[in-house]
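First the structure, in the form of C-alpha cells, and then the observations on it.
The values are calculated or read from the model by the stated rules, or taken from the named source; none is laboratory data. Given the structure is predicted, the values throughout are model-derived calculations rather than measurements. Cβ coordinates were reconstructed from backbone atoms using ideal geometry, including for glycine residues, and neighbour counts include every protein chain displayed. Side chains are part of the model used for accessible areas, which takes the heavy atoms of the whole protein and leaves out ligands, DNA and RNA. Shrake-Rupley method; radii C 1.70, N 1.55, O 1.52, S 1.80 Å.
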Amino acid sequence: MTPRPTLDSVRRLLRQERDDTWAVRMLPRLVLGLAAAYTLFVLASTGMASFITVCALLVLAGILWLLRRRGQLLLALGSTAVTAAMTGYLAAAGDIARGSAGGLLSGQAVFGYWTLGGMALLGAWMLKRPRGRRGVTVVLADLLLVGASGVGMLAPLFGVPLGFLCVVSVLTARSKFTSPVSGREQRVRRRGSRRSAAVAETEAR
C-alpha cells in the first residue's frame, strides 16, 4: 500500500499550483534530471571507453557533492592531483631531453614525487594546531614540490631529496608549535591565571 504522503507529493507535483513553490521548482528539476540521466545512459552505451568515462565522472561528481562543504579538502585534493600530473610530466620531459625516455631513474623520481604529495596532504591534516588553513598549506607544499621536480629535470638525483626538504619545511613553518603567537598565548594565559588566583584570594579574605 502506497503511503499517503507520497500520493500527496505526486498530486502537488501534477497540479502545479502557483502558490506551491515546492511543486513549481521540483518539476523542472525532475525533467532536467531525467534528461541528464538519459544522456549519460546513451553516452555510456556507445562503448567500453565511454562507459568507464561516464562512471569516473559520476564517481567524481559524487565525491564533489559529498565534499561540497569541505572547501579546504577539495582545494588540497585538486592541488595534489595537479602536482602529481606536473611532476610526472616534468620527470618524463627530463628523460626525453637526456635521451633516455622511460628510464628507471624517472620512474623512481615520479614515485617519490607522488609520495611526497601524499605526505603533504596527510601532514596538513595531521597538524593539531595549524597556522592558517590546511588547504593553503598543501598548495604551498605542492608549489615547492613542482619547483623541486623542475630542478630534478636537470639533476635527477637532487629532485626528490629537495622536494622532501621543501615539504617538511612547509609543514614545520605552518605548525603553531614554531609560531611566536603560541608564546604570546601562553603568557596571556599565565597572566589570566594569576589574576584569577588574586581575585580568589581577595574574595576569601
Checklist entry - For labels at Leu127 and Arg70 in the simple 7 Å Cα→Cβ model, what's the distance in nm? => result 1.8 nm
Item to check | Tail weight of P(r) past 20 Å, computed on alpha-carbon pairs of segment 109-169, percent | outcome: 22 percent
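Show me the ranking of peptides 65-71, 88-94 by mean Cβ neighbours inside 10 Å, starting with the highest.
Result, highest mean first: 88-94, 65-71.
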Item to check | Per residue solvent-accessible surface (Å²) - segment 67-143, probe of 1.4 Å | outcome: 57 Å²
Item to check | Potential lengthening between Ile52 and Met26 on full extension [0.36 nm per residue; Cα-Cα distance subtracted] | outcome: 6.3 nm
Next on the checklist: Relative contact order of segment 62-130, please, whole-number percent, based on alpha carbon pairs below 8 angstrom and at least 6 residues apart.
Outcome noted: 30 percent
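Given the convex hull of the Cα atoms of segment 1-56, what is a quarter of its surface area in nm²?
5.7 nm²
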Checklist entry - In whole Å, how far is the Cα centre of segment 56-101 from that of segment 114-130? => result 16 Å
Checklist outcome for this item: Scaled by the rule-of-thumb 2.2 N^0.38 Å, the alpha carbon Rg for segment 38-143 gives a ratio of 1.38
Item to check | Fraction of accessible area attributable to carbon and sulfur, segment 1-121 (%, probe 1.4 Å) | outcome: 71 percent
Checklist entry - Counting only residues 5 or more places away or on other chains, whose amide H sits under 5 Å from the amide H of Ser175 once H atoms are built in the peptide plane? => result Arg131
Item to check | Those trypsin sites (Lys or Arg not before Pro) in segment 81-174 that DSSP places in a loop and that have at most 15 other beta carbons within 10 Å | outcome: Lys128, Arg133
Checklist entry - Once the piece of chain linking Leu60 and Arg98 is laid out straight, how much longer is it, given 0.36 nm per residue of separation minus the C-alpha distance between them? => result 10.0 nm
